[in-house]
Structures are given as structure tokens and as C-alpha cells.
1. Looking at VAL204, VAL156 in this structure, which one is part of a loop (DSSP other than H, G, I, E, B), surrounded by 14 or more Cβ atoms within 10 Å (Cβ to Cβ) and of a type in the set (A, V, I, L, M)?
2. Here are some conditions: (1) touching a residue at least 60 places away in the same chain (Cβ under 8 Å); (2) in contact with a helix residue (DSSP H, G or I) (Cβ under 9 Å, 6 or more places away or on another chain); (3) under 30 Å from ASN398 (Cα atoms); (4) part of a helix (DSSP H, G or I). ASN225 meets all but one. Which one does it not meet?
3. For the stretch 505-522, how many residues meet the condition of being of a type in the set (S, T, N, Q) and either assigned to a helix (DSSP H, G or I) or crowded, with 18+ Cβ neighbours inside 10 Å (or both)?
4. Could you list, ordered by first residue, the pairs with Cβ atoms under 6 Å in which the first is in the stretch 491-502 and within 17 Å of HIS417 (Cα to Cα) and the second is of a type in the set (D, E, K, R) and assigned to a helix (DSSP H, G or I), at least 6 apart or interchain?
5. Can we say VAL112 is β-branched (Val, Ile, Thr), farther than 30 Å from GLU219 by Cα and at pLDDT 80 or above?
6. Given the structure, is ILE349 over 15 Å from the mean Cα position of the chain (by Cα) and of a type outside the set (Asp, Glu)?
7. Which numbered condition trips up SER212, out of (1) in a helix (DSSP H, G or I); (2) surrounded by fewer than 17 Cβ atoms within 10 Å (Cβ to Cβ)?
8. Would you mind finding the one in ALA453, ALA400 that is closer than 23 Å to SER212 by Cα, of a type in the set (Gly, Ala, Ser) and either modelled with pLDDT of 75 or more or surrounded by 13 or more Cβ atoms within 10 Å (Cβ to Cβ) (or both)?
Amino acid sequence: MDLEKVMSYVQRVVGIVLEEEDIMSLDACAKGKSAEDAVRKLICDPGVRCVVIERISREEESPSNPIRNPLIEAEKALSSQLRLLTLSEGSPYETLHSYISSAVAPYFKSFVRESGKADRDGDKMATSMEKKIAELEMGLLHLQQNIDIPEISLAVHPTIAAIIKKTSPGKPKVSDFGDLAEDSSFLNALQTQVSKWIREIQKVTKLDRDPSSGTALQEISFWLNLERALLRIQEKRESLEVTLTLDILKNGKRFHATVSFDTDTGLKQAIVTVNDYNPLMKDFPINDLLSATELDRIRSATLAIFSHLRKIRNTKYPIQRALRLVEAISRDMANQLLKVLGTRRLMHIPFEEFEKVMNHCFDVFITWDDEYDKLQGLLRDIVKKKREEHLKMVWRVNFAHKRLQARMEQMRNFRRHHEQLRTVIVRVLRPNISPSSDEPVEPKPELLALEAADATAIEEVNLAYENVKEVDGLDISKEGSEAWEAAMKRYEDRIDRVETRITARLRDQLGMAKNANEMFRIFSRFNALFVRPHIRGAIREYQTQLIQRVKDDIEALHEKFKAQII
């Protein structure tokens with residue numbers, strides 16, 4: 001989709017709810033790089049589902065406690081009295097879920113957090129309401145992802161229906177049809193009817209879905225819905241109309257139609273299959289994961305899910321299908337993590353807070369790995385007990401959250417290394433001048449130049465971080481990965497320049513050192529930066545010189561010691 005086309009559409013839509021004087025401000029805002037980046041992400045990034053455009057009101061325009069009149073007032077701007085909401089022509093469930101998840105829930109959470117209502121003692125209404133909104137969002141997601149099983153209809157021959165009505169409330173018998181029960185035309189019509197029933201029932205009994213696609217909720221809903229549909233068909237199979245039709249055909253020696261009916265429909269086998277699978281599907285705690293709004297809840301939901309998955313030992317649910325289900329759960333977990341982390345700007349928050357968030361995230365990942373190892377052991381035991389030659393399992397799985405985990409590992413390592421580098425550089429380059437008396441000392445020009453260079457180096461480190469700060473580190477799409485790698489390269493280029501300056505300074509100080517003690521002092525000051533390649537190279541150049549000076553100092557001490565003895 002063309003960026004300009006979308007930008008133009010957004011401006012037209014937003015312009016409708018603005019006053020004329022605000023249109024120019026909107027146009028100016030739309031030309032900014034941040035606005036273009038936001039719309040570009042909306043177009044290209046599947047994880048970005050909405051763009052928020054905030055109109056900043058003047059104080060006189062936003063009374064602290066506005067009272068809305070049920071009637072439109074002429075003296076007030078229409079934009080402050082009318083609210084617009086568009087309902088698409090698609091699925092109502094999808095539309096409502098989109099509004100709740102992308103607008104209502106974030107808006108409510110933001111308001112509660114800003115107002116501090118959730119932190120007030122005794123004020124539990126806001127927290128309770130937040131849970132209700134999450135439940136509503138989850139219910140709409142269920143309805144949206146629900147896989148509809150076709151509702152079948154078994155049409156009854158009019159003569160059969162008439163006889164049943166005539167003999168009601170009694171139970172009709174084949175003899176009630178008289179000579180008609182032997183009539184070949186009538187029997188042919190009934191046989192054709194039964195063939196149609198078989199095809200109708202097969203629409204349900206032959207249903208299946210690809211477990212490697214979609215969500216875990218869709219797989220769970222499919223089997224639960226299929227069970228309900230099969231039970232309804234079973235009721236129809238045992239109805240008076242169907243049994244009477246089959247009895248007439250049996251009486252008329254049309255055994256092919258009657259004997260093969262249940263076999264051809266596959267109804268009994270399908271019911272056996274869902275009964276085998278559904279102990280695993282019933283009460284599956286997937287909702288705990290999909291409604292989790294905190295990282296701790298995602299972890300506890302993951303534990304609950306894997307605990308429930310152990311029920312597979314008491315079912316005949318296929319192992320390969322179970323592995324695909326676990327992959328779907330991984331996709332759901334990755335999406336939920338992105339949803340929770342999306343409210344935090346990980347590269348903007350303070351380092352201490354970043355570390356806490358990362359620790360919670362990696363607790364989730366570690367929990368997954370531990371629990372999956374246990375589940376895999378259980379599945380291997382099940383395969384061994386079956387002792388079937390064709391069950392040579394392929395245990396290769398593709399967990400979607402692993403890509404996110406790898407990116408978060410990169411982000412954590414990057415911020416740790418940057419924080420260490422920044423702290424050390426500030427410490428190494430900090431002013432080290434202390435006057436020996438209370439009288440003011442005029443700093444030397446070369447010292448002032450040195451401090452200015454140091455300040456520039458520190459500023460370079462901060463600017464290098466800005467290159468990465470504005471990139472969405474959690475975007476693991478192809479475009480997001482390219483943006484992340486480009487930001488990393490720009491960061492390293494800037495840091496290389498800083499290292500070059502520090503290396504030059506280190507060489508100067510080592511070159512001016514008069515003895516081993518001075519060299520050791522310089523080394524200890526720059527010690528934390530030895531992991532950086534440029535600085536490590538500079539150290540190597542002076543290692544031989546340092547060793548020689550240490551030898552000279554030892555020799556001098558030795559000579560002094562001998563002189564004292566003599």
C-alpha cells in the first residue's frame with residue numbers, strides 16, 4: 001500500500017472531527033518524520049494495529065468536569081459534542097474486538113494509571129472493571145476465532161412424515177404403510193433420501209483442520225464444537241423419522257442402504273475420535289494466557305497450560321498434532337508478550353526498570369523451556385509404549401517466541417554493554433583536577449581543551465544510543481530486523497570514533513608514564529574498557545614496556561637491598 005495514499009486518507013478522516021483552524025496544524029504534523037514512521041508501521045508491521053492521533057487542547061477548551069448536554073448546543077463546537085464511530089461491513093465480532101482491544105482497553109488502562117485510581121485503598125472498582133473489559137475482549141476473540149461446524153438437515157420423505165403425524169402419539173410401524181412398503185418406486189425414493197443423508201452427515205464427520213495454522217484457541221474450539229455437532233447428528237440419527245425410514249428399507253430387502261448407513265456416514269467413528277481427544281480440550285486454560293495483562297500472569301498461564309497438556313497421556317490425541325498445538329501456543333504467547341511489552345518503551349525506560357522487565361520476560365522463556373522438556377519426555381514415553389513401527393517421530397518444532405526471545409537477548413546484551421561502556425567512559429573521562437589550596441586556580445588551556453574533548457566523547461556515546469533508541473527493538477519482521485541491524489551498525493560506528501579518541505589518550509598517558517607505578521595506575525583506570533578491541537590493542541603495545549619497567553624497578557630494589565646489607 002502506498003504511504004502517501006494512506007496518509008492522505010488519515011488526514012481526511014481526522015480532518016472531519018477538527019475545527020477549521022486545527023486543519024493546518026494537522027497538515028504540519030502529517031509532514032513530520034514521526035507521523036510518517038507511525039503510518040508506515042501501520043501499513044507494514046502486522047503487530048501495529050492502530051495509530052493514535054492526539055489533539056492537545058488548550059486549558060480553556062477542556063474544563064476539568066465537563067457536563068455534556070443531551071442536546072446539541074449551537075454555541076459549542078460540534079467536534080466537542082459529537083463522537084464518531086465506524087462499523088465495518090465485515091464480521092461484527094472482529095470489528096468489536098478491534099475496538100475493545102485497540103482503543104477501549106488501552107484508553108481505560110491509561111486513564112486508571114494516570115489518575116491513580118488503581119492505587120487508592122478501597123477503590124477496587126477500577127481494577128474490577130479492567131478485568132471485565134479483558135473478559136469482554138476475550139469473549140469477542142472466542143466468537144471471532146470460533147470455527148463454525150455446518151448445521152445439517154435430514155429431510156424426511158413426505159409420506160413418512162404424514163404417517164408419523166397420523167399415528168401420533170403412538171409409534172408407527174412398517175405395517176402401517178401397507179402395500180406402499182413393498183412399492184419399488186417408494187423404496188427407490190427412500191434409498192435416494194438415505195444417500196442424501198449420508199452426504200449431509202459426511203460434511204461434518206469428514207471435517208478436519210490444519211493444526212499447524214491458526215491459533216491454539218481455534219484448535220480447541222474446533223474439537224469442542226465438533227463434539228456438540230456430532231451429538232446433535234446422533235440425536236437426528238436416532239429420531240423416529242430416520243429409524244422408520246431405515247426399517248422400511250430393511251423390510252424391502254434394501255440391505256445395502258441400511259447395513260452400510262452408519263459405516264458410510266462415519267458417525268460412530270467420529271464420535272469415538274472426539275471422545276478420545278476432548279478430555280484434553282475440555283477446560284483448556286488458554287484463556288489465562290490470552291487475557292494476561294502482566295508478565296507474571298503470562299508465566300503462570302504457561303505453567304497452567306503445560307500442566308493441562310499432561311492429560312494427553314489419557315487420550316489418543318496424535319503426538320504430531322500435539323506438537324503443532326504447542327507451536328500454536330508459542331505463537332499465542334509471543335503475541336501476548338508483544339501486547340504487554342507494547343505499553344512499555346523498552347529502549348526509553350531507565351536501565352534498572354529495563355532489567356526488571358527483562359528478568360520477568362526471561363522467567364517466562366525459562367519456564368517454557370523447562371515445561372516443554374518435561375512434556376517432550378512424556379510424549380516420548382507415550383510413543384515408546386505404542387511400539388508401532390510407523391511412529392518414527394519428527395520432534396522438530398518451530399516456536400514463534402524463540403525469535404522474540406533472541407531479539408530480547410540482543411536488546412538486553414546491548415543495553416548492558418552500553419550502560420557499562422557509558423558508566424566507565426564517564427568515570428575514565430571525568431575531570432580529575434583538584435586544587436591544593438582554597439585559592440582559585442586558573443586552569444591551563446590544554447586541560448580545558450582536554451575536558452572539552454572528554455565531554456564530546458561522552459556526548460558521542462549518548463548520541464550513539466539515540467540511533468538505537470528510536471528503533472522498535474520488538475519488531476522481528478524482516479523490515480524490523482533490517483532497521484535493528486542498521487541501528488546497531490550506526491551505534492558501533494559512533495562508538496568506534498569514541499574508542500579511537502580514548503585509545504589516543506591512553507597511548508599519550510602511557511607514553512608519558514615515568515615508571516611502572518604510573519603505568520599500573522593508568523591501566524587500572526582504563527581496565528573496564530579492555531574488552532573493547534581498539535583499547536585492548538593499545539594495551540598490547542605497552543605490555544613489553546611495562547614488563548621491562550617492572551624488571552627495572554625490581555632490579556633497582558634488589559640493588560638497594562644489597563647495598564643495605566653491605
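1. Of the residues listed, the single one that is part of a loop (DSSP other than H, G, I, E, B), surrounded by 14 or more Cβ atoms within 10 Å (Cβ to Cβ) and of a type in the set (A, V, I, L, M) is VAL156.
2. The single condition ASN225 does not satisfy is (2).
3. Final tally of qualifying residues: 2.
4. Close Cβ pairs satisfying both conditions: ARG494/GLU460; VAL498/GLU460.
5. Considered against the rule, which asks whether it is β-branched (Val, Ile, Thr), farther than 30 Å from GLU219 by Cα and at pLDDT 80 or above, VAL112 comes out as yes.
6. Working: over 15 Å from the mean Cα position of the chain (by Cα): yes; of a type outside the set (Asp, Glu): yes.
Spelling it out, ILE349 is indeed over 15 Å from the mean Cα position of the chain (by Cα) and of a type outside the set (Asp, Glu).
7. Going through (1) in a helix (DSSP H, G or I); (2) surrounded by fewer than 17 Cβ atoms within 10 Å (Cβ to Cβ) one by one, SER212 breaks only (1).
8. Just a single option satisfies the conditions, and that option is ALA400.
The values are calculated or read from the model by the stated rules, or taken from the named source; none is laboratory data. The model shown is predicted, which means the values in this text are computed figures rather than measured ones. With ideal geometry, Cβ positions are generated from the backbone for all residues, glycine too; neighbour counts draw on all protein chains shown.
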